[in-house]
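Participant: The structure follows.
Computed from the coordinates by the stated procedures, all read-outs in this text should not be read as laboratory data. Everything numeric in this text was worked out from a predicted model, so none of it was measured. Positions of Cβ are backbone-derived with ideal geometry, glycine not excepted, and every protein chain shown enters the neighbour counts.
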Amino acid sequence: MLFDDKFLCNFINSEDYNFIMPAAHDAFNMLESRNGPGCDMLGWLDCFNLHTKKILEIAEYIRANSQIVIIIGIGGSFLGAKAAIDFLGLDNFNNNNKIYFLGNTMDPEPLLNVLNKSQDKDVFLLVISKSGSTLEIMSAFQVLLNFMIGKYKQNFNKKMVIITNKTRGFLREFVNIYNCESFEIPENIGGRYSILTPAALLPIAIAGGNITKILDGAASVITEFKNFDFKNNICLKYAIIRNILYKKNKLIEILVSYNQRLLYFLLWWQQLFAESEGKNNKGIFPTYLLFSRDLHSMGQFIQEGSKICFETVICVENLKTDVKIDDSFYQKYINFTKNKSFNYINSQILDATIRAHTQGGTPCGLIKLKDFSEKELGKVVFFFEKSCAISAYILGVNPFNQPGVEEYKKNIHI
Ligand code: PA5
């Protein structure tokens, strides 16, 4: 994994680095010495030590005994798992058996669709909620619980696993009463930092991902990311660069991918940075785009609109699948596609777009991943988690709370 800043040099100079360095130093030290705001929520820094035996055993049981796995969760209790499963290209498990994510909307249609598909199938239910009391989750849970009781009678509790906190909330109470299998989301890890806990690792293992390799990948960058030398620590460098750009009125960061399977990874990143930084009337607005699709819409704004954005592009270097364009039959377009492949043309578009956007006044940083492997996933997850915490400390906010998300809940009358 690399962070290439060569397209940023026209936007950032050595004075910018010198100016921000004291704040970066304080932020970095606060995180390393674990004494900054929210320091009781740093369990994710030690996730690599997790014991995976029980996760692997239960995942194996579920894979062997289910045709459909329904996962209920929202926010951090959903996006990490979905992002990782898509990143690894594991949409199905055991060939054509499916995983469905519910509980992330109050639109009843997805729920009804999955219920219809589940009638004659072996179903397993996974409920993920740290608090164990989130409205959207509990609503879906009640409906699916009735469905599971109807289907499996007194054995319904053998067909579900609940992932929640250790002691409180409706779900923990349910586990205790009905003796369901359960996992714990540690109290000192917030939802959006929980991707390297059972909250995402169990779904990933059910989908067939190698969670040991993911944890190894994250562990492999710990030493590098502890180094306060931003030239040799891309995690610190990314946090510093985004804050320099923010001070230059680049108020929006667009995470860009040219690979469809990264869509939910972009959404996971968006939640991580939005909830960690957007407070006290501060913060870079995190959004995402999928190119080429969005080059034909948002590309216009980025090229010629208000200069308020910067881009961070994620590209993946070694791709296993490709399609070569055979233009032998209709050679009219020979100068267009020239018998090239989709991945080749995609990489040419990426290169051309970065140069155009940079010339148009939008700074572009480039994150390069080696491949779509578990190891690379572990690295990039830890990279963003740690850089997000450092970046929020540089900004002067607590990265680990999200008081703003409670406001809308107070207005709900049911
Ligand atoms: O990052 C967070 O803490 C939130 O996004 C939560 O993950 C989300 O609100 C879901 O909460 P819970 O897991 O308690 O149901």
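Participant: Hey, could you get me the Stokes-Einstein D for the chain, Kirkwood radius over alpha-carbon pairs, 20 °C and 1.002 mPa s, rounded to whole µm² s⁻¹?
Facilitator: 94 µm²/s
Participant: About the Cα centre of the chain, what is the dipole size in debye to 20, counting +1 per Lys and Arg Cβ and -1 per Asp and Glu Cβ, all else neutral?
Facilitator: Working: 44 positive and 41 negative charges, 79 e Å.
Magnitude of the dipole: close to 380 debye.
Participant: Also: Under the 0.36 nm per residue contour assumption, what length would be gained going from the current alpha-carbon distance of Ile325 and Glu184 to full extension?
Facilitator: That works out to 45.8 nm of additional length.
Participant: How far apart, in nanometres, would the label points at Gln154 and Asn13 be if each is projected 7 angstrom from Cα along the Cα-to-Cβ direction?
Facilitator: Here the modelled spin labels are 8.0 nm apart.
Participant: Using the Kirkwood radius over C-alpha pairs as Rh, can you work out the diffusion coefficient of the range 1-141 via Stokes-Einstein at 20 °C, viscosity 1.002 mPa s, in µm² per second?
Facilitator: Diffusion coefficient, whole number: 112 µm²/s.
Participant: With Kirkwood's inverse mean 1/r over C-alpha pairs for Rh, give me the Rg to Rh ratio of the range 201-348, two decimals please.
Facilitator: 1.04
Participant: Between the range 5-31 and the range 340-398, what's the alpha-carbon centroid distance in Å?
Facilitator: Between the Cα centres of the range 5-31 and the range 340-398 lies a distance of 18 Å.
Participant: Would you look at the GNM of the chain, springs on alpha carbons closer than 10 Å, and say which of His25, His51, His296 moves the most?
Facilitator: The residue that fluctuates most here is His296.
Participant: Kirkwood Rh, Cα Rg: Rg to Rh for the range 343-414? Mind showing how you got there, number by number?
Facilitator: Details: Rg = 18.9 Å, Rh = 16.3 Å.
Here Rg/Rh amounts to 1.16.
Participant: Here is a follow-up. What FRET efficiency comes out for the pair Ser347/Lys166, r = Cβ-Cβ distance, R0 = 45 Å, nearest 0.05?
Facilitator: 0.45
Participant: Using just the helices of the chain, give the 222 nm mean residue ellipticity in deg cm²/dmol: DSSP H runs with n ≥ 4 each add -39,500 (n - 2.57), and the total is spread over all residues, rounded to 500.
Facilitator: Only helices count here, giving -14000 deg cm²/dmol.
Participant: Follow-up question, since we're still on this one. Of Glu311, Glu224, Glu109, which has the largest mean-square fluctuation in a 10 Å C-alpha GNM of the chain?
Facilitator: Of Glu311, Glu224, Glu109, the Gaussian network model singles out Glu109 as fluctuating most.
Participant: Follow-up. Give me the Kirkwood hydrodynamic radius of the range 266-378 in Å, from all C-alpha pairs, to one decimal place?
Facilitator: Hydrodynamic radius (Kirkwood, Cα only) of the range 266-378 equals 16.6 Å.
Participant: Two decimals is fine: what is log10 I(q)/I(0) at q = 0.12, 0.18, 0.23 Å⁻¹ for the range 215-270, from a Debye sum with one equal scatterer on every Cα and no solvent?
Facilitator: Reported log10 I(q)/I(0), two decimals: -0.41, -0.87, -1.04.
Participant: Follow-up. Report the full-extension gain for the segment Lys53 to Gln300: residue separation times 0.36 nm, less the Cα-Cα distance, to one decimal in nm.
Facilitator: Answer, rounded to one decimal: 83.9 nm.
Participant: Let me ask you something else. Hey, if you put +1 on the Cβ of every Lys and Arg and -1 on every Asp and Glu Cβ in the chain, which of Ser292, Cys364, Ile234 ends up farthest toward the positive end of that dipole?
Facilitator: So the residue furthest toward the plus end is Ser292.
Participant: Relative to the present Cα-Cα distance, how much length would full extension add between Asn96 and Glu317 at 0.36 nm per residue of separation? Walk me through the numbers on the way to the answer.
Facilitator: On the way: separation 221, 0.36 × 221 = 79.56 nm, distance 2.83 nm.
In short, 76.7 nm is gained.
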